[in-house]
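Participant: Submitted below is the structure of interest, expressed as structure tokens.
The values are calculated or read from the model by the stated rules, or taken from the named source; none is laboratory data. Keep in mind the model is a prediction, meaning the values are calculated, not measured. Neighbour counts are summed over all protein chains in view; Cβ atoms, including those assigned to glycine, are modelled from backbone coordinates with ideal geometry. We work out accessible area using only protein heavy atoms, side chains counted, and drop any ligands, DNA or RNA first. Shrake-Rupley method; radii C 1.70, N 1.55, O 1.52, S 1.80 Å.
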Amino acid sequence: MTKRLVEIDDADLDAARAALSTSTIKETVGRALREAAASAARRREVERLLDGSSALLAVGEERDRAWR
């Protein structure tokens, strides 16, 4: 883990702390970073599901190849 010196807006920190139910700056920043990464991963997954490419996996040979 690397120590970093950053400026954080107090209002943003307080809002994040309230939203995440955290009590320390370290806990708040760590949880906010993990939540941001998880949110981006969920967004990518939804986009992948909506683009229709996974529909090909529901039929015949494409499905069989995907599960081999």
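Participant: Using DSSP to call loops (not H, G, I, E or B), can you name the GluC sites (Glu not before Pro) in the stretch 1-53 whose Cβ has at most 11 other Cβ atoms within 10 angstrom? Write out the running numbers ahead of the final one.
Facilitator: On the way: sites: E7, E27, E35, E45, E47; in loops: E7.
Here the sparse-neighbourhood loop sites are E7.
Participant: R0 = 30 Å: FRET efficiency of M1 with S23, Cβ-based, nearest 0.05? Walk me through the numbers before you get to the answer.
Facilitator: Numbers: r = 19 Å, r/R0 = 0.65.
After rounding, the FRET efficiency stands at 0.95.
Participant: Sort I25, I8 by heavy-atom solvent-accessible area, probe 1.4 angstrom, most to least.
Facilitator: Details: I25 90, I8 70 Å².
The ranking, largest first, comes out as I25, I8.
Participant: Here's a follow-up. Suppose R0 equals 30 Å; then what is the FRET efficiency for D14 and A66 from their Cβ-Cβ distance, rounded to the nearest 0.05? Mind dumping the intermediate values first?
Facilitator: On the way: r = 47 Å, r/R0 = 1.57.
Calculated transfer efficiency: 0.05.
Participant: For the chain, with all protein chains present and a 1.4 Å probe, just round the carbon and sulfur fraction of the accessible area to a whole percent. The partial results should precede the final answer.
Facilitator: On the way: 3440 of 6060 Å².
Result for the chain: 57 percent of the exposed heavy-atom area is carbon or sulfur.
Participant: Just how large is the dipole of the chain about the Cα centre, in debye to the nearest 20, putting +1 at every Lys and Arg Cβ and -1 at every Asp and Glu Cβ?
Facilitator: Values: 13 positive and 13 negative charges, 74 e Å.
Computed about the Cα centre, the dipole is about 360 debye.
Participant: Go from 0 up to the bin containing the longest alpha carbon distance in the chain, width 10 Å each, and give me the % of pairs per bin.
Facilitator: Going from the shortest bin to the longest, the percentages are 17, 29, 20, 15, 16, 3.
Participant: While we're on this one: Find the accessible area per residue for the chain; the probe is 1.4 Å, ligands and nucleic acids are left out, and the unit is Å².
Facilitator: Details: 6060 Å² over 68 residues.
On a per-residue basis, the chain sits at 89 Å².
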